[in-house]
Amino acid sequence: MTAKRVLFLCTHNSARSQMAEAFLREFGAGRFEVESAGTEARGLNPLAVQAMAEIGIDISLQESKTLDRYVDQPFDLIITVCDEANEACPYFPNAKERRHWSFPDPSAVRGDDVTRFAAFRVVRDAIRERIDRELL
């Protein structure tokens, strides 16, 4: 059985796509080859790293990447995880399927540290639920 190649796309590849990549890699091990990228790369958001660490998944060594490196690669599935990436995402001629999952940007939430971190938890849990329901 060949692993299904999946690419998660977001705007900055700093939180949502990184969390999605980690979840599918963790819970779909052996069945999926997973990557993530952004229309631009801004580095990992420390609150995304903290939110994933809270549930035992370390993403601290993952790298923020732009989608340029993946445009010509074949994928079974490309999933945009934010509306901006969905609109800006180029056509992938080598992708068998494309889906869009709209998650709010937790890094856009303003407030104290507790409020901001809570937003990352909510998005993290929503991504996990969607992956469980649609991919695993």
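Here are a few things to note about the model shown:
- Calculated FRET efficiency for the pair Asp112/Glu134, C-beta based, R₀ 22 Å, to 0.05: 0.05
- Considering all C-alpha pairs of the chain, those separated by over 17 Å amount to 55%.
- Loop-resident chymotrypsin sites (Phe, Trp or Tyr not before Pro) (DSSP state other than H, G, I, E or B) in segment 82-136 with no more than 16 further Cβ atoms inside 10 Å of their Cβ: Tyr91.
- Between the helical axis of 113-134 and the longest alpha-carbon principal axis of the chain there is an angle of about 30 degrees.
- For segment 93-136, alpha-carbon Rg and Dmax in angstrom: 13.9, 43
- Dipole of the chain, positive direction: furthest Cα of Ala48, Gly28, Ala88, with charges on the beta-carbon: Gly28
- Rolling a 1.4 Å probe over the protein heavy atoms gives the chain an accessible area of 51 Å² per residue.
The values are calculated or read from the model by the stated rules, or taken from the named source; none is laboratory data. In this text the structure is predicted, and so the values were computed from the model without any measurement. Reconstructed Cβ throughout: ideal geometry from the backbone, glycine too, with neighbour counts over all protein chains shown. Ligands, DNA and RNA are stripped out before the accessible areas are found, and what is left, the full protein with its side chains, is counted by its heavy atoms. Shrake-Rupley method; radii C 1.70, N 1.55, O 1.52, S 1.80 Å.
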